[in-house]
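To start, the structure under review is shown below, and the notes come after it.
The values are calculated or read from the model by the stated rules, or taken from the named source; none is laboratory data. From a predicted model like this one, the values you see are computed outputs, not experimental measurements. Glycine gets a Cβ as well: all are built from the backbone with ideal geometry, and neighbour counts include every protein chain shown. Each accessible area value is taken on the protein alone, full model and side chains, heavy atoms only, with ligands, DNA and RNA left out. Shrake-Rupley method; radii C 1.70, N 1.55, O 1.52, S 1.80 Å.
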Amino acid sequence: MDDLNHTDMTQPQKFRPSPLEVLSETRTFKDLDRSTLGELISASKIRLIPTGGVLYRAGDPYQERVYILFAGTMVTHWASRADRDLPIGYIIGLANYLDNAPFVSTTVATTRCALLEVSAEVLRKLEQDRPDLFNLLARIIARRLREISPDRSISIGFLAQPVSSLMKTTITTCGPDMELQAALKLMKERGIGSLVVTTEDGRLKGVLTFAGLAEAMILHNARPDDKVITGACEKARTISPDTPLWKAEQTQLRSGAKYLIVVENGIPVGLVSQTDFLYTLAYQPSNLANQISDMGTIKELTQFNTRIVDVAAEAQETNRSPSVAVRYLSEIHLAIQRRAIEFTLGWMEKKGYGPSPVGFAVLIMGSGGRKEMLLTPDQDNGLIIEDTPDLKKPEVQEWFQRFSKRMNRNLDRVGYELCRGDIMASNPMYRKTLSQWKKQITYITKKPTEKAARWSNIMFDFDTLYGDDNLTSDLRLHVLSEVQARPRLLRMMALHDAEGRPAIGFFNQLISTEKGKRGEHVDLKRNGLRIVVDAARIFSLQNGVAAQNTTERLRALVRVGKISADFNVPVNESYEELLDMLLTHQIQQARKGKSPDKIVNLKTLSERRHGTLRVAMRAIKRFQQQLQGEFEI
């Protein structure tokens with residue numbers, strides 16, 4: 001470091017153009033508020049490096065400084081990959097700022113260079129004070145995760161097909177001068193959620209969605225007679241017809257766009273929605289769900305479930321997004337469990353107990369409710385029974401008691417272990433009428449306790465496994481209403497989340513979270529994934545978001561303005577990376593005949609996986625800090 005020259009930024013400089021003028025035009029800083037960039041520059045010093053000068057060498061310890069190149073050219077030399085020329089505006093040493101690790105590369109000036117040097121302490125303070133800088137670093141964290149993550153691209157199979165195989169070719173268009181009220185009427189008449197806005201010659205101008213229309217009218221005071229182009233037209237995310245499905249899915253996930261417009265020669269020829277991807281990707285890889293529904297005995301179902309590791313491996317290999325792979329795996333689990341319930345109902349009739357005397361819904365909770373089940377989920381279920389005077393009859397109560405016990409027993413036989421915490425329909429605590437469930441929810445929101453918070457962090461991720469979905473929807477609306485009216489329970493839930501910490505230490509180094517195990521081990525669920533899941537759940541309940549799946553919740557939180565799109569990117573990337581790591585870990589264990597768990601040995605990870613995990617934990621830590629800051633924990 002002795003070959004660097006120091007210059008105090010408080011003294012007048014002769015740089016023309018100025019660092020502010022240069023950096024504000026770069027890819028890195030062009031969207032950063034100019035005053036924030038000015039404050040960053042003012043808090044920095046100038047480092048001048050002669051041609052051939054070395055900024056740092058591989059193996060040098062991190063010096064609690066970050067550098068920003070604003071004049072000259074530099075190159076980074078790596079031992080195991082190609083050299084990298086650094087563009088103007090590149091933030092040098094940011095990875096080390098995130099994890100405090102020694103440098104693993106050597107950076108050299110190829111011409112005379114000028115850099116801004118900012119201390120880590122100052123940068124951390126600016127991150128806290130300036131949300132736009134926080135978001136900028138979040139984008140860069142996400143970019144780094146993508147760079148060091150294992151390649152998940154797909155060249156064969158279903159997801160290699162062009163998007164034209166999935167897109168809807170019938171699209172409804174409107175002109176830019178159509179009034180908002182007319183556009184809304186047209187969407188209602190056609191039963192659609194979007195209009196593609198085009199010019200007179202058919203070229204794409206943008207897209208109008210229900211969400212965009214509502215936002216324009218509610219938040220921006222748009223009038224019914226305002227024109228679409230001025231009132232609510234959004235920039236469209238476009239792809240070409242020959243784009244592979246995996247790449248289209250990636251574009252949709254990263255942009256958070258609900259619709260992708262397929263464009264050919266400037267003309268919209270189709271569209272693909274989030275729903276299209278979720279449905280198609282969940283059911284396309286095979287026809288297993290239909291096979292399951294055709295099985296005639298519990299024994300067949302049990303034998304099929306022993307092959308779930310093969311289903312998981314197929315899902316992982318044919319889906320670029322880990323969350324989509326897990327969604328598909330969950331759908332298979334759910335199909336198996338639904339078939340087990342059908343067998344239970346058949347047994348009830350065969351034994352002379354008859355069909356259900358009143359309406360009901362079997363609830364699935366936790367990872368099943370979120371559709372985030374891995375290889376060996378246990379049972380977390382309950383029962384909502386329709387409110388009716390017939391419930392007072394002993395034979396009705398006996399029917400549901402008998403049904404619940406038999407259902408839990410059948411699910412156990414099929415391969416879903418009985419819940420150790422007894423969160424099952426056979427427990428009267430989880431077998432109630434709709435009004436009883438509502439009464440309990442109201443009670444715990446009025447008098448929240450630590451125990452109620454732990455219960456809520458499982459129970460509030462629920463969905464219909466079998467039966468009347470209207471009962472489930474009614475209960476979900478009640479939950480959202482009650483927690484928003486009395487949010488003290490949410491703080492207790494956030495306190496419960498704080499019991500699990502990201503596996504990263506004070507200096508942003510990975511740390512072991514499993515005491516008593518030889519070597520360094522990390523629980524990927526408790527000290528990583530669960531933190532994202534908890535924060536997404538709590539923020540969603542706070543903001544009236546009804547979605548259950550974590551990635552869907554994160555997208556919804558961006559739409560309602562709770563988290564920024566920039567911040568969501570590294571959080572979502574980190575979640576996907578840990579999900580992929582955990583699924584890979586469990587598949588490998590199952591292949592070796594071991595019982596799958598959530599704990600990985602850090603020493604068994606490749607250098608790339610180790611680096612990815614460290615950066616992912618750093619992003620998750622930021623998300624947890626945001627949650628704790630919200631509830632002053």
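Worth pointing out:
- Members of the range 60-103 found to be among the hydroxyl-bearing types (Ser, Thr, Tyr), in contact (Cβ under 8 Å) with a residue 40 or more places away in the chain and under 30 Å from Ala503 (Cβ atoms), listed by number: Tyr62, Tyr67, Tyr90
- Residue within the range 295-315 that is modelled with pLDDT under 80 and either of a type in the set (Ser, Thr, Tyr) or open to solvent by 60 Å² or more (accessible area, probe 1.4 Å) (or both) present: no
- Scoring Lys446 on the criteria (1) without any contact (Cβ under 8 Å) to a residue 40 or more places away in the chain; (2) more than 30 Å from Asn96 (Cβ to Cβ); (3) surrounded by fewer than 18 Cβ atoms within 10 Å (Cβ to Cβ) leaves a single failure, condition (1).
- All of (1) under 29 Å from Val104 (Cα atoms); (2) in contact (Cβ under 8 Å) with a residue 40 or more places away in the chain; (3) part of a helix (DSSP H, G or I) hold for Val533 with one exception: (1).
To keep it simple, each residue is scored yes or no on (1) under 20 Å from Arg420 (Cβ atoms); (2) assigned to a helix (DSSP H, G or I); (3) open to solvent by 10 Å² or more (accessible area, probe 1.4 Å).
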position	(1), (2), (3)
Leu363	yes, no, no
Met373	yes, no, no
Pro377	yes, no, yes
Asp387	no, no, yes
Leu391	no, yes, yes
Lys405	yes, yes, yes
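- Filtering the range 407-420 for residues that are closer than 24 Å to Trp347 by Cβ, open to solvent by 30 Å² or more (accessible area, probe 1.4 Å) and touching a Phe, Trp or Tyr at 6+ places or on another chain (Cβ under 8 Å) leaves an empty set.
- Test: residue in the range 539-556 that is of a type in the set (Asp, Glu) and under 23 Å from Ile504 (Cα atoms): no
- Taken over the range 183-219, the criterion of being open to solvent by 80 Å² or more (accessible area, probe 1.4 Å) and either assigned to a loop (DSSP other than H, G, I, E, B) or in contact (Cβ under 8 Å) with a residue 60 or more places away in the chain (or both) is satisfied by Glu200, Asp201, Arg203.
- The selection criterion, being touching a residue at least 40 places away in the same chain (Cβ under 8 Å) and either open to solvent by less than 10 Å² (accessible area, probe 1.4 Å) or not in a helix (DSSP H, G or I) (or both), does not hold for Ser323.
- Matching residues, the range 349-361, being open to solvent by 80 Å² or more (accessible area, probe 1.4 Å) and touching a residue at least 40 places away in the same chain (Cβ under 8 Å): Tyr353
- In the set Arg84, Arg34, Arg27, only one residue is open to solvent by 30 Å² or more (accessible area, probe 1.4 Å), touching a Gly at 6+ places or on another chain (Cβ under 8 Å) and within 20 Å of Ile140 (Cα to Cα); that residue is Arg27.
- For the range 444-456, the set of residues classified as assigned to a helix (DSSP H, G or I) and either of a type in the set (A, V, I, L, M) or over 20 Å from Gly421 (Cβ atoms) (or both) consists of Ile444, Thr445, Lys446, Ala452, Ala453, listed by residue number.
- Residues that are closer than 13 Å to Val479 by Cα and among the hydroxyl-bearing types (Ser, Thr, Tyr) were ranked within the range 421-443; the one that is most open to solvent (accessible area, probe 1.4 Å) is Tyr443.
- Taken over the range 163-182, the criterion of being open to solvent by 50 Å² or more (accessible area, probe 1.4 Å) and assigned to a loop (DSSP other than H, G, I, E, B) is satisfied by Thr169, Thr170, Asp177, Met178.
- When Tyr466 is tested against the conditions (1) open to solvent by less than 30 Å² (accessible area, probe 1.4 Å); (2) in contact with a strand residue (DSSP E or B) (Cβ under 9 Å, 6 or more places away or on another chain); (3) at pLDDT 95 or above; (4) not basic (Lys, Arg), the lone failure is (1).
- Any hit, the range 538-553, residues being among the hydroxyl-bearing types (Ser, Thr, Tyr), in a helix (DSSP H, G or I) and more than 30 Å from Leu477 (Cβ to Cβ): no
- Residue list for the range 586-610, filter: out of contact with any Gly (no Cβ under 9 Å at 6 or more places or on another chain), open to solvent by less than 50 Å² (accessible area, probe 1.4 Å), in a helix (DSSP H, G or I) and not small (Gly, Ala, Ser): Gln586, Ile587, Gln589, Arg609
- Condition check for Ala556: touching an Asp or Glu at 6+ places or on another chain (Cβ under 9 Å) and either of a type in the set (Gly, Ala, Ser) or within 19 Å of Asn135 (Cβ to Cβ) (or both): no
- Residue satisfying condition, being more than 32 Å from the chain's Cα centre (by Cα) and open to solvent by less than 50 Å² (accessible area, probe 1.4 Å), within set Ala109, Ala79: Ala109
- Asp580, sole failed condition from (1) in contact (Cβ under 8 Å) with a residue 12 or more places away in the chain; (2) under 21 Å from Arg501 (Cβ atoms): (2)
- Candidates Arg501, Arg491 - the one that is open to solvent by 20 Å² or more (accessible area, probe 1.4 Å) and part of a helix (DSSP H, G or I): Arg491
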